[in-house]
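Working notes, beginning with the structure itself.
The values are calculated or read from the model by the stated rules, or taken from the named source; none is laboratory data. What you are looking at is a predicted structure, and each value in this text was computed from that prediction instead of being measured. Positions of Cβ are backbone-derived with ideal geometry, glycine not excepted, and every protein chain shown enters the neighbour counts.
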Amino acid sequence: MSETEPSAYDYSYAVTAVTSGAFGVGTNLSWDSYQRDIYNQLNEALQKQANLLHQRADVTAAEANALIEQRNAILAESRSKLSPFGRLYSEILKPSDNLPTLEKLLKQKGSLEAVLESVGKTRAVVNRLSVSMKIAGNGSVVLQVAVSAVLIATAPSGQRGKVAAGQAGALIGGTGFGWSGAWAGCATAAAFLSPSLTIPIVGEVTEGGACLTGGIISGFGFGLLGSSWGQKSGEDVFSYVTHLHWSQP
């Protein structure tokens with residue numbers, strides 16, 4: 001292909017905009033979904049411990065309390081590995097300063113046996129949401145990488161280095177801006193509905209839903225902005241480095 005021949009894979013701005021914006025928020029969703037999987041696996045192991053204790057007839061409150069403290073430690077450690085958006089969403093659903101204790105769970109469940117039966121269970125709604133987020137997130141990442149690879153491969157031979165640098169910058173910029181935008185969108189949307197938290201359950205779900213919606217929308221927009229900025233920066237850096245001439249003193 002000559003340098004003047006147009007590429008058969010030239011994409012419209014609409015296509016690249018959608019893939020860039022989706023990539024920015026998609027990496028965020030993929031990462032948090034991956035951390036959710038680990039969190040669920042740790043809780044499954046914890047539930048197995050609880051089930052073994054449950055088989056005994058003389059389980060003590062101290063043993064049950066140790067499991068609850070372990071569960072809270074798992075939650076804190078897993079939450080620390082989430083993205084800023086994921087941590088904020090998790091805090092809305094279950095604030096760190098209001099984690100369950102043995103006393104609270106006994107009031108809710110009614111017995112020590114009932115507490116043991118559910119100590120390692122996680123929110124089914126969030127788990128289903130995590131699966132959807134993983135599929136959407138991974139799909140957007142694969143699509144963006146494929147688009148970037150095609151753009152690099154079909155660029156004129158003399159421009160491939162610059163295009164590659166631009167695409168690398170787009171991926172980095174889209175990820176950074178997308179993660180920041182997702183957090184900002186979540187915080188902003190949730191803030192408008194924060195008074196609803198005075199209504200048990202309904203308020204929690206309402207604010208959590210607003211956070212999720214605002215985060216995805218804002219993450220998409222910021223991801224697109226970051227991708228555009230990153231692409232230009234990558235191309236500018238490549239042009240500067242390749243045209244840099246060292247002079248002898």
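Here segment 200-219 is the region considered, the condition is being aliphatic (A, V, I, L, M) and within 30 Å of residue 17 (Cα to Cα), and the residue that is modelled with the lowest pLDDT is 210. Give 154, 122 a once-over and let me know the one that is surrounded by 13 or more Cβ atoms within 10 Å (Cβ to Cβ) and at pLDDT below 90. Result of the check over 154, 122: 154.
Check segment 39-49 and report whether any residue there is closer than 22 Å to residue 214 by Cβ and either in contact (Cβ under 8 Å) with a residue 12 or more places away in the chain or surrounded by fewer than 19 Cβ atoms within 10 Å (Cβ to Cβ) (or both). No, there is no match, as no residue in segment 39-49 is closer than 22 Å to residue 214 by Cβ and either in contact (Cβ under 8 Å) with a residue 12 or more places away in the chain or surrounded by fewer than 19 Cβ atoms within 10 Å (Cβ to Cβ) (or both). Taking first residues from segment 126-141 that are under 16 Å from residue 219 (Cα atoms) and partners that are among the β-branched types (Val, Ile, Thr), the Cβ contacts under 7 Å between residues at least 6 apart in sequence or on separate chains come to 137/27; 141/27. Filter segment 83-117 for residues that are among the polar types (S, T, N, Q) and surrounded by 15 or more Cβ atoms within 10 Å (Cβ to Cβ) and give the result. Correct list: 83, 90. Among the residues of segment 42-88, those identified as in a helix (DSSP H, G or I), of a type in the set (S, T, N, Q) and more than 18 Å from the chain's Cα centre (by Cα) are 43, 47, 49, 51, 65, 70, 72. The lone criterion from (1) among the hydrophobic types (A, V, I, L, M, F, W, C); (2) crowded, with 20+ Cβ neighbours inside 10 Å; (3) at pLDDT below 95 left unmet by residue 197 is number (2). Within segment 220-232, none of the residues are modelled with pLDDT under 85, surrounded by fewer than 24 Cβ atoms within 10 Å (Cβ to Cβ) and not in a loop (DSSP other than H, G, I, E, B).
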